[in-house]
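Engineer: One structure, pasted below without further comment.
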Ligand code: OOG
Ligand code: MG
């Protein structure tokens, strides 16, 4: 990418070029400066870049298996200096089985955060203004999200992070349970390093179920389909911490636990 400052609208070629830049940053594990340093683009263009980025991943054979919300908690908004929710896409390549190893060399500078996940049991009719998203959900589970901004030092604008598929990198989901009220549950994440993070699901918009309602709104506006079988990450309950080697475990009171084990390389140096 050239570093020229564009002041006009970001055209279709530029959308593709910026998506390619973020894609290469991810596949080569090399960070990139904020797109906003050199390009003047808004949230609509940012979602177009995100869509182009996902199209590249799908062209390589990845499948969309869910969606994620970001910045649904004050802790995350404050940590990253932004003030509105964002939505990104999850693919099968990002899925880590509960308890499995995750190769840290896949990432640039991964962080981990405790979340709650919901499972969609039917397609959500976004054209119907009376759609009841809660009736489209049949299960809930504790989750860990691994985020890995493609931007240098995790420094980005709101539009940048939307374009970068909301820093999505990997996720693990614990045992599904029939959907229930998960408001105000204690959340505890114990990291492989010194980190222990405690919080409450109430940090997620007061109750993670509100994230589902926010999601419907966002998906309607952004033309992002919600399909049966997909998972929804409701957003972090606490600020994120660096993901290191060893086991990181998240416990959501009354829901259960989920863990991943960071390993240094695929040959299993632990
Ligand atoms: C963006 C992702 C935010 C959440 O749960 O709030 C997010 C970032 O912090 O890099 O996933
Ligand atoms: Mg998250």
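None of the figures in this text is laboratory data; all of them are computed from the coordinates on show. Note that the coordinates shown come from a computational prediction; the quantities given were computed from them, not determined experimentally. Cβ atoms come from the backbone with ideal geometry, glycine included; neighbour counts cover every protein chain shown.
Engineer: Rounded to the nearest 0.05, what FRET efficiency do residue 247 and residue 125 have when you use their Cβ-Cβ distance and R0 = 30 Å?
Structural biologist: In this case the efficiency is close to 0.15.
Engineer: Quick one: length gained pulling residue 103 to residue 184 fully straight, 0.36 nm per residue minus the C-alpha distance?
Structural biologist: Between residue 103 and residue 184, full extension yields an extra 25.9 nm.
Engineer: What translational diffusion coefficient, to the nearest whole µm²/s, does segment 164-239 have by Stokes-Einstein, given a Kirkwood radius computed over alpha-carbon pairs, a temperature of 25 °C and 0.890 mPa s viscosity?
Structural biologist: 171 µm²/s
Engineer: Set the Förster distance to 45 Å, then compute FRET efficiency between residue 43 and residue 264 from the Cβ-Cβ distance, nearest 0.05.
Structural biologist: Using R0 = 45 Å, I get an efficiency of 0.75.
Engineer: Based on alpha-carbon positions alone, could you give the equivalent ellipsoid semi-axes of segment 50-206 from the gyration tensor, as √(5λ), descending, whole Å?
Structural biologist: 23, 21, 18
Engineer: Just to be sure I understand: with springs between alpha-carbon atoms less than 10 Å apart, which residue in 174, 206, 254 has the highest mean-square fluctuation in the Gaussian network model of the chain?
Structural biologist: Evaluated over the chain, the most mobile residue of the options is 254.
Engineer: Between residue 11 and residue 74, what FRET efficiency follows from the Cβ-Cβ distance if R0 is 35 Å, with the result rounded to 0.05?
Structural biologist: According to the calculation, E is roughly 0.45.
Engineer: Label-point separation (nm) for residue 92 and residue 28, each offset 7 Å from Cα along Cα-to-Cβ?
Structural biologist: Going by the 7 Å Cα→Cβ label model, 2.8 nm.
Engineer: Please check which bits of segment 242-261 a label hung off residue 177 would reach, taking the label as a point 7 Å along Cα-to-C-beta and the cut-off as backbone N under 13 Å.
Structural biologist: Within reach of a label on residue 177: 251-258.
Engineer: Based on DSSP H runs of at least 4 residues, each adding -39500 (n - 2.57), what is the mean residue ellipticity at 222 nm of the chain after dividing by all its residues, to the nearest 500 deg cm²/dmol?
Structural biologist: That calculation yields -7000 deg cm²/dmol at 222 nm.
Engineer: In square nanometres, what is the average projected area of the Cα convex hull of the chain?
Structural biologist: Projected over every direction and averaged, the Cα hull of the chain covers 13.6 nm².
Engineer: Using a ≥ b ≥ c from the Cα gyration tensor of segment 137-270 (square roots of the eigenvalues), is it rounded, prolate or oblate, where a/c under 1.5 gives rounded and otherwise the larger of a/b and b/c decides, a/b for prolate?
Structural biologist: oblate
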